[in-house]
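Here the structure is laid out as structure tokens; the discussion comes afterwards.
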Amino acid sequence: MKIYFHLNLDGFSNCYLVANEDSRQALIIDPCRVTTELLEQIEREPYSLVAVLITHSHMTHLRGLAVLRKIYTPKIYAADYEVAGSETMVLKDDGMLQIAGLRVGYMSVPGHSADSIVYKIGQALFTGDTITAGMIGDTTSSYARHTLINNIEAKLLSQQEDVIIMPGHGPPSSVGAEKKFNAAFQPLSNHITDFEK
């Protein structure tokens, strides 16, 4: 398996092309923008694009979906039917899929949005805006924040510490780094400065 990273400067969103080198099939996670570089990478190898996985339905993460659907015929996976209407394979709860010859786990992790899904392929978690390096996703209420933190702790931080986090924004991280350094999971006493002591 190979993971190719593409940054969309409009919104600073991350898009990932995940390829199975054996089957020559690939999938895209969060097609924030379809660039010449992304298309060339698919065609040059060449890979057969068989699926698009959406972590949540915020426009900065799926803006390029319409373009991809004009060029290719991938299956669309998301937790929100509105992403692609009747062509959306709607995911609920947690489960496992076989896509492009790869085992793709998915976990419902609401909090940032009601339809937030995290995908696990190999030793990589594709988290969308659920968690990024040192932060968790924005929420609209204290209840949503509490829900998000509980979901992240139960489903993501329970993974092995060397599992890589591939977020929707910012640099990659790891489960171990987030457990140790993410402020959302540290005791409140760790946030007290020397001045406050």
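Considering only DSSP beta bridges with both partners in the chain, what is the antiparallel share in %, to the nearest 5? Around 65 percent antiparallel, to the nearest 5.
Subtracting the Cα-Cα distance of Lys75 and His146 from their residue separation scaled by 0.36 nm leaves 22.3 nm.
Excluding same-chain neighbours fewer than eight residues apart, the aspartates and glutamates reachable from Lys92 by a Cα-Cα span under 16 Å are Asp80, Glu82, Asp115.
Across the chain, the relative contact order, built from alpha-carbon pairs under 8 Å that are at least six residues apart, equals 15 percent. Summing Cβ point charges (Lys, Arg +1; Asp, Glu -1) relative to the Cα centre of segment 24-106 gives a dipole of roughly 160 debye.
Taking 0.36 nm per residue of separation and subtracting the current Cα-Cα distance, fully stretching the chain between Ala114 and Glu43 would add 22.1 nm.
Under Stokes-Einstein, with the Kirkwood radius over Cα pairs as Rh, the value for segment 53-129 at 10 °C and 1.306 mPa s is 124 µm²/s. The listed residues Lys75, Lys92, Lys2, once ranked by accessible area (1.4 Å probe) with the largest placed first, stand as Lys92, Lys75, Lys2. Average projection, convex hull of the Cα set of the chain: 11.8 square nanometres. Calculated FRET efficiency, Glu21 and Gln98, Cβ-Cβ r, R0 22 Å, to nearest 0.05? After rounding to 0.05, the efficiency reads 0.85. The C-alpha radius of gyration of segment 94-197, expressed as a fraction of 2.2 N^0.38 Å, stands at 1.13. The accessible-area ordering, largest first, of the residues Ser141, Ser108, Ser86 stands as Ser86, Ser141, Ser108, per a 1.4 angstrom probe.
Toward the positive end of the charge dipole of the chain, with +1 on the Cβ of Lys and Arg and -1 on the Cβ of Asp and Glu, the farthest Cα among Ala100, Thr140, Ile117 is that of Ala100.
When +1 charges are put on Lys and Arg Cβ atoms and -1 charges on Asp and Glu Cβ atoms, the dipole computed for the chain relative to its Cα centre reaches about 200 debye. Extending 7 Å from the Cα toward the beta-carbon at both Val90 and Asp138 defines two label points whose distance is 2.7 nm. For the residue pairs Lys2/Lys180; Lys75/Lys179; Lys75/Lys180, alpha carbon separations beyond 31 Å are given by Lys75/Lys179; Lys75/Lys180. For segment 1-56, what does the alpha-carbon gyration tensor say about shape, rounded, prolate or oblate, given a ≥ b ≥ c as the root eigenvalues, a/c under 1.5 as rounded, and a/b over b/c as prolate? Judged from the Cα gyration tensor, segment 1-56 comes out prolate (a/c at least 1.5, a/b above b/c). Taking all protein chains into account, the per residue accessible area for the chain stands at 50 Å² (1.4 Å probe).
Carbon-plus-sulfur accessible fraction, segment 45-85 (probe radius 1.4 Å, protein heavy atoms only): 54%. Model label sites at Phe5 and Ala177, defined 7 Å from Cα along the beta-carbon direction, differ in position by 0.9 nm.
Our Cα-only numbers for segment 1-118 put the radius of gyration and Dmax at 13.3, 39 Å.
The values are calculated or read from the model by the stated rules, or taken from the named source; none is laboratory data. Not measured: the values here are computed from a predicted model. Note that each Cβ is placed from the backbone with ideal geometry, even for glycine, and that neighbours are counted across all protein chains shown. For accessibility, only protein heavy atoms count, side chains too; no ligands or nucleic acids. Shrake-Rupley method; radii C 1.70, N 1.55, O 1.52, S 1.80 Å.
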